[in-house]
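A.B. asks: Dropping a structure here in structure tokens format, bear with me for questions.
The values are calculated or read from the model by the stated rules, or taken from the named source; none is laboratory data. Only a predicted model underlies this, so the values are computations on that prediction, with no experimental measurement involved. Don't worry about glycine lacking a Cβ; one is built from the backbone with ideal geometry, like all the others, and counts go over all protein chains shown.
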Amino acid sequence: MTDEPLTENRMPHPASRPSGPFRVGDRVQLTGPKGRLHTITLRPGGELHTHHGVLRHEQLIGVPDGSVVEGSGGHEYLALRPLLRDFVMSMPRGAAIVYPKDAAQILAEADVFPGATVVEAGVGSGALSLWLLRAVGASGRLVSFERRADFADVAKANVETFFGEMPANWDVVVGDLVEALPETVGAASVDRVVLDMLAPWECIDAVADALTPGGVVVCYVATATQLSRVAEYIRTTGLFTEPDASETMVRGWHVEGLAVRPDHRMVAHTGFLLWARRLAPGAIPPERKRRASKSSYSDEDVELWTPGAVGDREITDKNLRKRVREARRAAEGARQAAAADEDGRAE
Ligand SMILES: C[S@@+](CC[C@H](N)C(=O)[O-])C[C@H]1O[C@@H](n2cnc3c(N)ncnc32)[C@H](O)[C@@H]1O
């Protein structure tokens, strides 16, 4: 890693400027009649042709973000700069991307801060790279590892499209993290590491060497078996704090007049997060007082989890008939109470 100080010309390009009037080179999302979306990059003399007519780019240059412009056919378009989440969801994908809901949580659990030195692997389509680059800011540095050159190319193109040029504080290394990490960064020089790959446990030793004491590793995995395997591996190294894990579910709501309810559809599963902090060399954390671990199981445990043992006993026919009678009695009682209440009000 270079110790070269960050200077003006090494700052990320401001093409991803998030506000101000539209300028040449800006991407603009146009929502047309019936909600149809068009994304254009503004250029002098540029035109958008649809079957509703023509919209000249000049009509947008210099106007404020959030303006409404009219095409030649009289159709109106709402013009907005795409947000980062809009961009990542529509950009070309080589590998599956980290969704915005998980990216936000990764930034929080990894505690990514402006000025941080962050390592990520694999880079895939570059979705997480974009969030990390934004979070480390101009004074930070991101080093992304990807073993597939073709995926790295997709990621680089996506990041360049978003920022308008390749951010000077971003390095993409093509190679396997286990071999490439020690060749690229110094021991104990990295603040945060994010692993989004099939087998993160294979990289934990290399990550432990690269992380600074107190640094954070976050693993993003798709399945419960991967989650358990990486957690157990991290524990066996004795080099990290006890790992924590979570899953983020975001349920959208429809809020319109009196129709206020959860959306019918949601992205139910993407992945799990697991995070831990690097201990100082030689540090042995004070032993936590815990109840006996259930991480391994015996025949006795299996017996304990049978429905009878956990109180979920199978009901006999006789018992069931008794419950039906009880339920009917309760319903009859409720009916009588309601009738008495009505009589009382009528008097
Ligand atoms: C799910 S994708 C990452 C997606 C990415 N985080 C994004 O948001 O676009 C996983 C990537 O990890 C890469 N990969 C897997 N193991 C790796 C390793 N040991 N070193 C480097 N890259 C690895 C794969 O080639 C794949 O592109």
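A.B. asks: From the list Ala149, Ala168, Ala206, which residue is loosely packed, with under 13 Cβ neighbours inside 10 Å and either over 20 Å from the mean Cα position of the chain (by Cα) or among the polar types (S, T, N, Q) (or both)?
C.D. replies: Ala149
A.B. asks: Of all residues in the stretch 149-183, which are in contact with a strand residue (DSSP E or B) (Cβ under 9 Å, 6 or more places away or on another chain) and closer than 13 Å to Cys203 by Cβ?
C.D. replies: The answer is Gly175, Asp176, Leu177, Ala180, Leu181.
A.B. asks: If you check every pair at least six apart or on different chains, which have Cβ atoms under 9 Å apart with a residue in the stretch 28-44 that is free of Cβ contacts under 8 Å to residues at least 24 places away in the same chain and assigned by TED's automatic domain parsing to the domain that holds Ile61 first and a residue that is among the small types (Gly, Ala, Ser) and in a helix (DSSP H, G or I) second?
C.D. replies: That search, which allows pairs on different chains as well, returns Leu37/Ser90.
A.B. asks: Within the stretch 220-241, is there a residue that is closer than 22 Å to Ser125 by Cβ, modelled with pLDDT of 95 or more and in a strand (DSSP E or B)?
C.D. replies: Taking every residue of the stretch 220-241 in turn, at least one turns out to be closer than 22 Å to Ser125 by Cβ, modelled with pLDDT of 95 or more and in a strand (DSSP E or B).
A.B. asks: If I ask for residues that are surrounded by fewer than 17 Cβ atoms within 10 Å (Cβ to Cβ) and over 18 Å from Ala280 (Cα atoms), which ones from the stretch 209-228 would you list?
C.D. replies: Answer for the stretch 209-228, where residues must be surrounded by fewer than 17 Cβ atoms within 10 Å (Cβ to Cβ) and over 18 Å from Ala280 (Cα atoms): Ala222, Thr223, Ala224, Thr225, Ser228.
A.B. asks: Something else: Assess whether Val216 counts as being touching a Gly at 6+ places or on another chain (Cβ under 8 Å) and either hydrophobic (A, V, I, L, M, F, W, C) or not assigned by TED's automatic domain parsing to the domain that holds Asp111 (or both).
C.D. replies: no
A.B. asks: Are there any strands (runs of 3 or more DSSP E) wholly within the stretch 103-210 with 2 or more residues that are within 14 Å of the ligand (Cβ to nearest atom), out of contact with any Cys (no Cβ under 8 Å at 6 or more places or on another chain) and more than 29 Å from Val250 (Cβ to Cβ), and if so which?
C.D. replies: Passing ranges, in order: 170-174.
A.B. asks: Identify, by number, the condition in (1) touching a helix residue (DSSP H, G or I) at 6+ places or on another chain (Cβ under 7 Å); (2) farther than 26 Å from Gly140 by Cα that Ala199 doesn't meet.
C.D. replies: Unmet condition: (1).
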